[in-house]
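Participant: Dropping the structure in here first, questions after.
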Amino acid sequence: MAERESWATRTGFILAAVGSAVGLGNIWRFPYQVGEQGGAAFLFIYLLLIVGVGFPVILVEFVVGRNTERNPVGALKRIGSGAWTKIGWVFVTAGFVILSYYSVVAGWTLRYVLLGLQGNYTAESAPEQFGAVASGLDAVVLHAIFMAAVVAIVALGIERGIELSVKLMVPAIILISIGLAAYAFTLDGAADAYAYYLSPELSTIASEWTTILPAAAAQAFFTLSLGMGVMITYASYLGEDRNLAEDAGIIAVLDTFIAFTAGLIAFPVLFAAGIEPGASGPSLIFVSLAAAFAELPFGGLLGAVFFATVAIAALSSAISIMEVVVSYLIDERGIGRVPATAALGVAMFLVGTPAALDLVFIDLYDGFANSILLMLGGLLLSVFVGWIVPDLALDEISKGIRNVGSLGSAWLWFVRVPVVLALIILVALNAWDYFGFLTGDFADWLSTNL
Ligand code: TRP
């Protein structure tokens, strides 16, 4: 067997993990979740969940990956037994489904780069424009182009493909986001937008928390790339013993910073154009924000820069999802990196194609993978690490940390009880929501279309 690949540098590993975390989740999904879930109240609960659930679960994945130096399926076979070894399948399935539709949405962003450069955003018919971009032949073609880019990078391998590309992409995302937020600060609507975005009303939290909480948890998992083994896979290429807690902290902070900055861009632009942020759901950045750009001086150009940033962020995330499934095929099935990546690219393209033809499939895939599979994967892995292999986990987390003292066991107990309980409740609440979608909107769609 060929020698296992590894990161060339520590920065390479951190940037790859940040690149995975920062994606459509931060710049597409986060602003519309804030809009749908009542502004600052959502932001507040989301931040709590990043710290209280996201950060400890990154470490759960890290210890498994670094300890086993295997893909998620192989990792669980190595340190687990019986039914535990099957968790890896939840991961691989989730990755497959997520990348299939993720690539479709990423394709839309490419289209909006072109529309901006051509000066073609429109305020009056933004929804129709989005409708034309989102589904149909164009969407299928752009989905194929994006998937091809993912395949090209992942086929080049860890060091020459993923590490090299994230070293360019991640700094670009961070710098352009800061620049756009600074621009947004100068707009007329900025003060109102900040008030909406940043001052949570306790009464909203008190009355809406049962809907905000599961949505914010799904968002936290998605944005940190948790629950499908990305962090296991990336940590498995980590040769040395460095401080995992520190790396997890850097990743969580940078990811949160970019989501937060996306809000600092989107809301002032929307308020400046007098557009209500709550109304548009998943099309927020495509319909409302593009319409707002249409109203601003140099809006086409600024919009093109904005959507190009979203596309780059999507690419640096998509490669991590692909890498999970590819690493499984390489390690467990002995398939070469290039054929494995190419075959998966084709398969995921096909599974995603319905989502490029009808928006209802985006909800179908997103709800299943994102709100159920990810959190289920995170829950099962947390139980496994916390209760089945605690000694190994404690030993692994302590490596590379001087004077850990009792921090390691504090983390372990935190995972064992509060994180596990929270995830059980959150999986149940999200499964209930998804059941509502299947019997509601999706059933309606089936009965009108079949
Ligand atoms: N975190 C990415 C985003 O915010 C998406 C993503 C990449 C992801 N890898 C993942 C989500 C693994 C869940 C699991 O857009």
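Participant: May I ask for the distance between the Cα centers of the range 292-358 and the range 190-224, given as a whole number of Å?
Facilitator: 28
Participant: In nm, to one decimal, how far is the modelled label at N449 from the one at L202, with both set 7 Å along Cα→Cβ?
Facilitator: 4.6
Participant: Tell me the angle of helix 55-68 to the major Cα principal axis of the chain, expressed in degrees between 0 and 90 and rounded to the nearest ten.
Facilitator: Tilt relative to the chain: about 40 degrees.
Participant: Determine ³J(HN,Hα), in whole Hz, for all residues of the range 292-301 in sequence, where each value follows from phi through the Karplus function 6.51 cos²θ - 1.76 cosθ + 1.60 and θ = phi - 60°; x replaces Gly and Pro.
Facilitator: Result, ordered by residue: 5, 4, 4, 8, 9, x, 6, x, x, 5 Hz.
Participant: Determine the gain in length on full extension of the stretch I425-R402; use 0.36 nm per residue of separation and subtract their C-alpha separation, reporting nm with one decimal.
Facilitator: Here the segment from I425 to R402 would lengthen by 4.7 nm.
Participant: Label points 7 Å out from Cα along the Cβ direction at T9 and A279: separation in nm?
Facilitator: With each label placed 7 Å out from Cα toward Cβ, I get 4.9 nm.
Participant: Counting only heavy atoms of protein chains, what accessible area per residue, in Å², does the range 205-279 have with a probe of 1.4 Å?
Facilitator: Per residue, the range 205-279 has 28 Å² of solvent-accessible surface.
Participant: Same structure again: Can you give me the distance in nm between label points at V253 and E332, each placed 7 Å from the Cα along the Cα-to-Cβ direction?
Facilitator: 3.6
Participant: What do you get for the angle between helix 164-185 and the principal long axis of the chain? Use alpha-carbon atoms, 0 to 90 degrees, nearest ten.
Facilitator: Relative to the chain, helix 164-185 is tipped by roughly 40 degrees.
Participant: Moving on. Find the relative contact order for the range 10-359 and round it to a whole percent, using C-alpha pairs within less than 8 Å whose residues are 6+ positions apart.
Facilitator: Relative contact order comes out at 44 percent.
Participant: Comparing L380, L224, L296, which has the greatest mean-square fluctuation in the GNM of the chain with Cα pairs linked when under 10 Å apart?
Facilitator: So, out of L380, L224, L296, the one fluctuating most is L296.
Participant: For the range 332-337, what does the Karplus curve 6.51 cos²θ - 1.76 cosθ + 1.60, with θ = phi - 60°, yield as ³J(HN,Hα) per residue in whole Hz, taken in order and with x for Gly and Pro?
Facilitator: 8, 10, x, 8, x, 4
Participant: Angle between the Cα long axis of helix 374-383 and the longest principal axis of the chain, 0 to 90 degrees, nearest 10?
Facilitator: 20
Participant: Can I ask one more? Go ahead and run the numbers for FRET between D391 and L137, Cβ-Cβ distance against an R0 of 45 Å, rounding to 0.05.
Facilitator: Once the sixth-power term is evaluated, E becomes 0.20.
Participant: Pick out which of P127, P31, P268 has the largest mean-square fluctuation in a Gaussian network model of the chain, springs linking Cα atoms closer than 10 Å.
Facilitator: P127
Participant: Using a 1.4 Å probe on the protein chains only, how many percent of the accessible area of the range 10-359 belongs to carbon and sulfur?
Facilitator: C and S fraction of accessible area: 68 percent.
Participant: Can you compute 3J(HN,Hα) from phi for each residue in the range 346-356, using the Karplus curve 6.51 cos²θ - 1.76 cosθ + 1.60 with θ = phi - 60°, rounded to whole Hz and x for Gly and Pro?
Facilitator: 5, 5, 5, 4, 5, 5, x, 4, x, 5, 7
Participant: Using a Förster distance of 35 angstrom, determine the FRET efficiency expected from the C-beta separation of T211 and A83, and round it to 0.05.
Facilitator: For R0 = 35 Å, the calculated efficiency reads 0.60.
The values are calculated or read from the model by the stated rules, or taken from the named source; none is laboratory data. Because the structure is a prediction, the values reported are computed rather than measured. Reconstructed Cβ throughout: ideal geometry from the backbone, glycine too, with neighbour counts over all protein chains shown. For accessibility, only protein heavy atoms count, side chains too; no ligands or nucleic acids. Shrake-Rupley method; radii C 1.70, N 1.55, O 1.52, S 1.80 Å.
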